[in-house]
1. Order 154, 85 by their accessible area, 1.4 angstrom probe, all chains in place, largest first.
2. Using a 1.4 angstrom probe on the protein heavy atoms only, could you order 73, 47 from most to least accessible area?
3. Take the alpha carbon gyration tensor of the chain, find the square roots of its eigenvalues, order them as a ≥ b ≥ c, and report rounded if a/c is under 1.5; if not, report prolate when a/b exceeds b/c, else oblate.
4. Can you figure out the FRET efficiency of residue 145 with residue 86, using R₀ = 22 Å and their beta-carbon distance, to the nearest 0.05?
5. Tell me, what is a quarter of the convex hull surface for the C-alpha atoms of region 79-142, in nm² with one decimal?
6. Report in % the part of the accessible area of region 107-181 that belongs to carbon and sulfur, leaving out ligands and nucleic acids; probe 1.4 Å.
7. Hey, can you find the accessible area per residue of the chain for me, probe 1.4 Å, expressed in square angstrom?
8. What translational diffusion coefficient, to the nearest whole µm²/s, does region 127-166 have by Stokes-Einstein, given a Kirkwood radius computed over alpha-carbon pairs, a temperature of 4 °C and 1.567 mPa s viscosity?
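The values are calculated or read from the model by the stated rules, or taken from the named source; none is laboratory data. Quick caveat: nothing in here was measured; it's all calculated off a predicted structure. Counting neighbours? That spans all protein chains shown, and the Cβs are built from the backbone with ideal geometry, glycine included. Areas reflect the complete protein model, heavy atoms only, side chains present, ligands, DNA and RNA absent. Shrake-Rupley method; radii C 1.70, N 1.55, O 1.52, S 1.80 Å.
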Amino acid sequence: NPAVIAARPLLSDPRFIDSAGNVFTETGINTQSLEVNTFLHRENLPSDFVDELILRFQRNCSFYPIWGNFNYSYFLRGLYNLNQHLQEDKKVNVFNSDVPFDWNTIDTLQLKTFWDQLYTRDSVIASQVIQRIDEIDSSPGKRQKALVIMNYRHAFGHEFATSKNEKPQNVGRYLFEQYGN
């Protein structure tokens, strides 16, 4: 995802670190967020352990059986390295926002049901982002902003429509409807 790679200079900008410090990504399942942030906030881990964790996150970042894109692991490694130079209250947080999924617990019937309900994916992603943004916004901390990174299709906003003037079922649309322009 070129947007993730392009976001790295933005994430290390002191203005982003001071006023936002929170990133939402489409890549990465929601159920991994706590473990990912625990990793990103740890300091001075041995490099082979960092590699092992990033590989595990990469292998479990999607409900697709194979996710060969390296952007997610590249992104996490960059944020881990950035956070090594930041005080705890300045470390960047990442909130994986894709639909909840766990390869370790799913069986064949659950997988079929999951795939049958995938048409609701964008509304689930948006709901998770909205819930977390509202939590961040009402928190006492001063970093109450966030960067939301979605790929091309998921990012379409409320001004896009089909030829029949139907609104798209996209994360961007739901976010614009919740927060306005």
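1. Reading off the accessible areas and sorting them downward yields 85, 154.
2. 47, 73
3. Oblate is the answer for the chain, as a/c is 1.5 or above yet b/c matches or exceeds a/b.
4. Given R0 = 22 Å and the Cβ-Cβ separation, E is 0.85.
5. The number I arrive at for region 79-142 is 6.3 nm².
6. About 52 percent, which is the carbon plus sulfur part of the accessible surface.
7. 58 Å²
8. Answer from the Stokes-Einstein relation: 104 µm²/s.
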